[in-house]
1. Let me spell it out: the conditions are (1) modelled with pLDDT under 95; (2) more than 14 Å from Arg22 (Cα to Cα), and Ser122 meets all of them except one. Which number is the exception?
2. Would you confirm whether any residue within the stretch 66-84 is in contact with a strand residue (DSSP E or B) (Cβ under 8 Å, 6 or more places away or on another chain), within 17 Å of Asn105 (Cβ to Cβ), surrounded by 13 or more Cβ atoms within 10 Å (Cβ to Cβ) and among the hydroxyl-bearing types (Ser, Thr, Tyr)?
3. Could you check the stretch 37-71 and list, in sequence order, the residues that are over 14 Å from the mean Cα position of the chain (by Cα) and assigned to a strand (DSSP E or B)?
4. Could you give every pair whose Cβ atoms fall below 6 Å, whose first residue belongs to the stretch 91-105 and is closer than 22 Å to Arg118 by Cα and of a type in the set (Asp, Glu), and whose second residue is at pLDDT 95 or above and outside any helix (DSSP H, G or I), counting only separations of at least 6 or pairs across chains?
5. When the residues of the stretch 92-115 are narrowed to those that are more than 15 Å from Gln48 (Cα to Cα) and of a type in the set (D, E, K, R), which ends up farthest from the chain's Cα centre (by Cα)?
6. Out of all the residues in the stretch 106-121, which are without any contact (Cβ under 8 Å) to a residue 40 or more places away in the chain and either polar (S, T, N, Q) or farther than 15 Å from Ala45 by Cα (or both)?
7. Report yes if Thr24 is among the polar types (S, T, N, Q) and either in contact (Cβ under 8 Å) with a residue 60 or more places away in the chain or surrounded by 14 or more Cβ atoms within 10 Å (Cβ to Cβ) (or both), otherwise no.
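The values are calculated or read from the model by the stated rules, or taken from the named source; none is laboratory data. Keep in mind it's a predicted model, so treat the numbers as computed, not measured. Virtual Cβ from ideal backbone geometry, glycine too; neighbours counted across all protein chains shown.
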Amino acid sequence: MSGGGSGEAAGSGSGLNPADRRYTTEHEWIKPEGDHYVVGITAFAQDQLGDIVYVELPKVGDQIEAGKAFGVIESVKTASDLYAPVSGEVIEVNGELVDQPQSVNDDPYDRGWMLKVRAANSSEVDQLLTADQYAEQTGE
């Protein structure tokens, strides 16, 4: 049926930013997944960086600290630190990004994820920006 579906397709929240995750002012996103969280960078960030050529991530078992750098992302234009949205232990990294860093450009909210972390304090996530707040910050 094609009638009355206004708004259903807009379920992802503001513009390109999925509403099922939180965002940092440094353009990282974090999404709950079971007992851990998935972390990546936003579409806005990858667009600003341009073509991504290299991603340096921590190792499984490393501790990351909220607001501190956990890695580096390099594009043809620049290199930028990646900042942890929460503190915790890295339990998985996206090994595909070693050979295919452009996945961050192609699909920043899915295939371009960077790491999975077991948060030391999940209430840190609640302090981060919603999709709407992030959209206000970036003007999207």
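1. Checking Ser122 against (1) modelled with pLDDT under 95; (2) more than 14 Å from Arg22 (Cα to Cα), the one that fails is (2).
2. In the first step, residues of the stretch 66-84 are kept if they are in contact with a strand residue (DSSP E or B) (Cβ under 8 Å, 6 or more places away or on another chain); the result is 67-76, 79-84.
Going one step further and asking which of them are within 17 Å of Asn105 (Cβ to Cβ), we end up with 71-76, 79-80, 82.
Narrowing further to those that are surrounded by 13 or more Cβ atoms within 10 Å (Cβ to Cβ): 71-75, 80, 82.
Going one step further and asking which of them are among the hydroxyl-bearing types (Ser, Thr, Tyr), we end up with 75, 80.
Yes: one or more hits.
3. Residues satisfying the conditions are Ile52, Val53, Tyr54, Glu56, Gln63, Ile64.
4. Going by the 6 Å Cβ cut-off, the qualifying pairs are Glu92/Lys116.
5. Checked the stretch 92-115; the qualifying residue farthest from the chain's Cα centre (by Cα) is Asp99.
6. Pass one, the stretch 106-121, residues without any contact (Cβ under 8 Å) to a residue 40 or more places away in the chain: 106-107, 110-111, 120-121.
Within the stretch 106-121, Arg111, Ala120, Asn121 meet the criteria.
7. Details: among the polar types (S, T, N, Q): yes; either in contact (Cβ under 8 Å) with a residue 60 or more places away in the chain or surrounded by 14 or more Cβ atoms within 10 Å (Cβ to Cβ) (or both): yes.
Against the criterion (among the polar types (S, T, N, Q) and either in contact (Cβ under 8 Å) with a residue 60 or more places away in the chain or surrounded by 14 or more Cβ atoms within 10 Å (Cβ to Cβ) (or both)), Thr24 qualifies.
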